[in-house]
Amino acid sequence: IISSSGDQKPRILLMGLRRSGKSSIQKVVFHKMSPNETLFLGSTNKIVKDDINNSSFVQFQIWDFPGQIDFFDSSFDYDTIFGGCGALIFVIDAQDDYIEALNKLNLTVTKAYKINQNIRFEVFIHKVDGLGDDFKMESQRDIHQRAADDLTDSGYDQIHLSFHLTSIYDHSIFEAFSKVVQKLIPQLPALENLLNILNTNSAIEKSFLFDVVSKIYIATDSTPVDMQSYELCCDMIDVVIDLSSIYGIKEEQDSAAFDEISSSLIKLNNGTILYLREVNKFLALVCILREDNFVSKGIIDYNFLCFRKAIQQVFELRNKNNSSPVANVIE
Ligand code: GDP
C-alpha cells in the first residue's frame, strides 16, 4: 500500500467524533501520558500528523481528524489520505449517545472503501471504564448490529468491521492497538512460529515481542493471551526503562536507556520469573516462566541468541523484497 506521495510508511488513521478520545489515545499509547492528564487536553481541530517513526518499530502515522469533518469539502485529498492507509480506527464514545457516531462511521467507512478496498476497519468502542460488564457487552452487541445494518442498507455488506472494547484507564487500549498493528505485519506467522519454538525449547509459558516505546506487542506465541500476563510484561518494561534511565546512561555519552545489552531477570515471590532481552533498536522479548522450570539461565540465554538471529533474518528477507506494506522496519 503505497501512498501517491511516494512514502511507503503504512498509516493508521484515527478518526471519530470530537471528544471521543482520539488525542487521549494517541498521547497515552505513544507519548506515555498518564490517563488522568488527558482531562486537560485541548480538543483537536485540525488534522494532526503524528510521526512516531523514529522512536518506534511500529512505523505509522496517526492522522487525527476533527470530529465534524465534512466529507463533501473538496479541500481534503481523500485519495491520498485513504489510499495510503493500512488501517482505519474509528473511535466511538460508549459513554455518550452513539447514534451520530454510527452515522459518521458509515459515511467514513464507505467513503474510504471506495478509494481503498484493502483498508482494515477497526472500531474502538471507547471509554468503557465507566460501564458495567453487562452494559459493556450490550453496547458492543448493539453497536455491532447497528453498524452492520447500516452497511447493508447502504449496499456495502462486503465491508468487514472489527470491534474492540477500549479504555485508556487500563491495558485494553494497548491490547486493541496490538491487534490492529499485528494485522499490518506480513511476517506475523513467522514471528509466532519462532516464539513457539523458543517457548518449547526453554520451558517458557508465554512470550511477547514488544515495541518498547509504545508497549504494543507485535507478536506473541500461539497460546491465548491473558490480560494479567500482558500487564505484567508491560510493567516489567517500565521498570527496566526507568531504572536504565536513572542508572544506565553514561554522562557525556549520547546513549539511550534501551540498547543491545539491555536485559533483565525478575523473580516474583509467587514462583514466576520474568525475562527480558533486547532484540533490536525498537523491540524487546519479554517471557514469563515458572521458577521450577528455570533450570539454567545459560540455556535460555543461548536459545535467545538463536531466536534473535532468526528474527533478524526474517526482517532482512522483508527488506530485500521491499514491496510489502510495512517499510523500513530495522535499521
Ligand atoms: P478528541 O477530541 O477525540 O481528541 O478527544 P480527547 O482525547 O480530547 O478526549 C475527550 C475527553 O475524553 C477527555 O476529557 C479525556 O480525558 C476523556 N477520555 C479519553 N479516553 C477516555 C477513556 O478511555 N475513559 C474515560 N473515562 N475518559 C476518556
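The values are calculated or read from the model by the stated rules, or taken from the named source; none is laboratory data. None of the values given here were measured: they were computed from a predicted structure. No Cβ is skipped: glycine too gets one built from the backbone with ideal geometry, and neighbour counts run over all protein chains shown. The protein model used for the area step is the full one, side chains on, heavy atoms only, and it has no ligands, DNA or RNA in it. Shrake-Rupley method; radii C 1.70, N 1.55, O 1.52, S 1.80 Å.
Tabulated results
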read-out: Counted residues, region 303-313 - those being open to solvent by 20 Å² or more (accessible area, probe 1.4 Å) and within 13 Å of TYR275 (Cα to Cα); value: 1
read-out: Answer residue from region 181-232, given it is β-branched (Val, Ile, Thr) and in a loop (DSSP other than H, G, I, E, B) and is surrounded by the fewest Cβ atoms within 10 Å (Cβ to Cβ) among those; value: THR223
read-out: Selection count, region 110-143, where residues are open to solvent by less than 90 Å² (accessible area, probe 1.4 Å) and away from the ligand (no atom under 16 Å from the Cβ); value: 10
read-out: Output for region 220-230, where each listed residue is farther than 22 Å from ASN293 by Cβ and out of contact with any Ser or Thr (no Cβ under 9 Å at 6 or more places or on another chain); value: none
read-out: Where a residue in region 102-129 is assigned to a loop (DSSP other than H, G, I, E, B) and its partner, wherever it lies, is among the hydrophobic types (A, V, I, L, M, F, W, C) and open to solvent by 30 Å² or more (accessible area, probe 1.4 Å), with Cβ under 7 Å and at least six apart; value: ASN118/ILE1
read-out: Some residue of region 314-325 being of a type in the set (Val, Ile, Thr), buried (at least 17 other Cβ atoms within 10 Å of the Cβ) and at pLDDT 85 or above; value: no
read-out: Test result for ARG277, open to solvent by 10 Å² or more (accessible area, probe 1.4 Å) and in contact with a Ser or Thr (Cβ under 6 Å, 6 or more places away or on another chain); value: yes
read-out: Any hit, region 163-170, residues being at pLDDT 95 or above, touching a strand residue (DSSP E or B) at 6+ places or on another chain (Cβ under 8 Å) and away from the ligand (no atom under 16 Å from the Cβ); value: no
read-out: The listed residue being more than 8 Å from the ligand (Cβ to nearest atom) and at pLDDT 85 or above, out of VAL48, VAL29; value: VAL29
read-out: In region 286-302, the residues that are touching a helix residue (DSSP H, G or I) at 6+ places or on another chain (Cβ under 7 Å) and either free of Cβ contacts under 8 Å to residues at least 40 places away in the same chain or buried (at least 18 other Cβ atoms within 10 Å of the Cβ) (or both); value: VAL286, ILE288, ILE300
read-out: Of residues in region 245-274 being assigned to a loop (DSSP other than H, G, I, E, B), at pLDDT 85 or above and of a type outside the set (Gly, Ala, Ser), the one surrounded by the most Cβ atoms within 10 Å (Cβ to Cβ); value: LEU268
